[in-house]
Structures are given as C-alpha cells and as structure tokens.
Amino acid sequence: MSSLKHTLRRHTLLLAAALPLFVFAQPAKTVSPDVLAAIPAEVKARGVLRVGSQQTFPPIEFREPGKTEVTGASKDLLAEVARRLNLKLEYVQAEYSALIPGLEADRFDLASGGISDTEEREQKVDFVNYMFSGASILSLAAGSEKLETIDDFCGKGVATLLGSRVIMAQVEAASERCLKAGKPAIRAEQLPSAPDARMQLDLKRVDGYLGDFPALVFMGQQFPGRYRIVGGNYMLTQYITSWGFAKNRVGLRTAVQKATQSMVDDGSYKKLLDKWDVGGAALPEITMNLPASKRK
C-alpha cells in the first residue's frame, strides 16, 4: 500500500512539474490572416517594423541613463504589436520636430514618442490613436506656489519641445490674454529635446516646462520634492497620444490598429499600461485619425 502511495505521489509531482511547460507551450496570441495580408510587401520582406522616436519621454518611451535599449509603455505596446504581426521592432532616433518629415522621407515606418493626433497634422500623415493624454506644466517646487494655470505665467518664461504645436497654440492664446489684461506676454522657448527643455527650468531660465502629464509625473517621482505640477492636476490641453504613419502606408496603419485592438480585447493592452502606472490613460477603443478635437 505504501508503495502504491509512493508511486502515485511521484506521478503527481512529475505531472505538476510538467504543467508549466504545458502552459508555456500554448499558441501565442496573434491576428487574423487578413490583418497580416494588409502589411506592405516591403515591410514583410524586411521583417522589421522601424519606429522613429526621440526616446526621451518617460514613462512612454525612453532610455534609462547609461543604457541603449528603449523602454516604456509605448515600447511595450509596440513590441507586442510587432510580435503579433510577425515582425521585429527596431528603433530609429529622431528629434520630435523631425518625426513627420522622417515618415515622409521613409526613414522609418511609424512615428512614436508622445506625438499627438491633430486635424492639422492629418493633412500630412495618418494616426493610430493608442492613449489619452494631456499637457501640464512642471515648475520648481520652491517659489512657485502661486502658479496654478498658464494664465499665471504673464511676464514669465516657459519651455517646451520644438514642434509642439498643440501646446504652443495654448501658450500663444494665454499670452494674448495677458496682453489684453495689460500684463507682459509669456516668453516661450522651444528646445530640441525634453531634457534640454527641462534643463532651462533647472537653470531657472524659465518658470515652467510644458510636457505630457504622465512624463511630468514620472519626472517628479525621480526627484522627490524638487518639482511640482502647476495646479496639481492642471491640464493645459488634452490630446490623444498616437502613432503616426505616412499617407501611403494605409495597410500598415490598419494592421497596427487591428493588432493593438486585439490587445484591448484580450486585456493585455490595459495590463501593459498599468505596468507603467498610466492605466488611467487607456482608450476604450483603438481608433484611427480621431483627435481630441473630434471627440465628445
């Protein structure tokens, strides 16, 4: 009897040890054949999805100090999208202002890194909308207690990225309000990269750095007590963070949208955003060419 128990126990342990192998051996989630068929022939032949990105937008897309690998929420999403499309992911460094020209010049297949869908930009490129976001203002914690909105920056300086038209439009409108109220205009500086813009704030050459809310929150977490977001959760403007595509890449745009939507459907999309503490920015549906200005 004891021998029988020993044998059963041994078989049970062997079965338990084999279960993880069985789980990992399950077929990987993928997309339907018609989605794969939409991928342009040259992209299939290359086997690589080239992503243009500035790589300086934590926690969305960035490189940690001393490392060359890109990481972040967008990177994780795109890595899974590429896997489902049977492609490898390859990053191409490009300044923010060079993303749309880079698409038009075929330097890369997809523009990423905090770019937002706007009706103006849709005249040149198409977008897959993957995350809700907005712009806020970062200031040094010391001495900025009275700064609550952009209208408190009359006569002060702000810095943002070169090419940030959505943000600059709001700054220009606020500056006009300053002048009408008999106050000095807002001085705006546009820099090539996020670290350059933040450096202007650190050097006290400007009073605020304007950027993506998730990125500013992440930055504040890295330097506790050094910065504050003006007005707490104040949003200068809201927009839809997106991936950009050249107008002649409709098939690739559609394939990426379908692959990302499949991640929404199976729950992996939200899990990846939660990993970077930006789950609150999840969209209920992955859309194409639907900027904030067209949403209710």
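Within the range 180-192, identify whether any single residue is in contact with a strand residue (DSSP E or B) (Cβ under 9 Å, 6 or more places away or on another chain) and assigned to a helix (DSSP H, G or I), and answer yes or no. Among the residues of the range 180-192, not one is in contact with a strand residue (DSSP E or B) (Cβ under 9 Å, 6 or more places away or on another chain) and assigned to a helix (DSSP H, G or I), which makes the answer no.
Annotation: of all residues in the range 34-73 being among the acidic types (Asp, Glu) and not in a helix (DSSP H, G or I), the one that is farthest from ALA281 (Cα to Cα) is GLU69. Exactly one residue out of ARG83, ARG63, ARG107 is surrounded by fewer than 22 Cβ atoms within 10 Å (Cβ to Cβ) and either closer than 18 Å to ALA197 by Cβ or small (Gly, Ala, Ser) (or both), and it is ARG63. The residue that is most open to solvent (accessible area, probe 1.4 Å), among those in the range 241-296 that are touching a strand residue (DSSP E or B) at 6+ places or on another chain (Cβ under 7 Å) and among the hydroxyl-bearing types (Ser, Thr, Tyr), is THR287.
Go through ASP126, ASP76 for me and flag whichever is within 13 Å of TRP243 (Cα to Cα), at pLDDT 95 or above and not in a loop (DSSP other than H, G, I, E, B). Answer to the selection: ASP126. Checked against the criterion of being within 14 Å of LEU110 (Cβ to Cβ) and modelled with pLDDT of 95 or more, the range 262-285 has no qualifying residue. Any residue in the range 142-153 that is β-branched (Val, Ile, Thr) and at pLDDT 95 or above sitting within a Cβ distance under 6 Å of a residue that is open to solvent by less than 40 Å² (accessible area, probe 1.4 Å) and in a helix (DSSP H, G or I)? List the pairs, counting only those 6 or more apart or interchain. Final answer for the pair search is ILE150/ALA174. Number of residues in the range 86-101 that are over 17 Å from the mean Cα position of the chain (by Cα) and surrounded by fewer than 20 Cβ atoms within 10 Å (Cβ to Cβ): the value is 3. Taking TYR234, is it more than 14 Å from the chain's Cα centre (by Cα), farther than 13 Å from PHE127 by Cα, open to solvent by 30 Å² or more (accessible area, probe 1.4 Å) and touching a residue at least 24 places away in the same chain (Cβ under 8 Å)? Here the answer is yes, as TYR234 does meet what is asked. May I ask you to list the residues in the range 150-168 that are surrounded by fewer than 16 Cβ atoms within 10 Å (Cβ to Cβ) and either among the hydroxyl-bearing types (Ser, Thr, Tyr) or part of a helix (DSSP H, G or I) (or both)? Answer for the range 150-168, where residues must be surrounded by fewer than 16 Cβ atoms within 10 Å (Cβ to Cβ) and either among the hydroxyl-bearing types (Ser, Thr, Tyr) or part of a helix (DSSP H, G or I) (or both): ASP151, ARG165.
If I filter the range 201-220 for residues that are open to solvent by 60 Å² or more (accessible area, probe 1.4 Å) and in a helix (DSSP H, G or I), do I get at least one hit? No - not one qualifying residue is present in the range 201-220.
I'd like to check something: does the range 140-149 contain any residue that is within 26 Å of the chain's Cα centre (by Cα) and open to solvent by less than 20 Å² (accessible area, probe 1.4 Å)? No, because not a single residue in the range 140-149 is within 26 Å of the chain's Cα centre (by Cα) and open to solvent by less than 20 Å² (accessible area, probe 1.4 Å).
The values are calculated or read from the model by the stated rules, or taken from the named source; none is laboratory data. All values derive from a computational prediction rather than experimental measurement. Note that each Cβ is placed from the backbone with ideal geometry, even for glycine, and that neighbours are counted across all protein chains shown. For the accessible areas, the whole protein counts, side chains as well, though only heavy atoms, and no ligand, DNA or RNA atoms are used. Shrake-Rupley method; radii C 1.70, N 1.55, O 1.52, S 1.80 Å.
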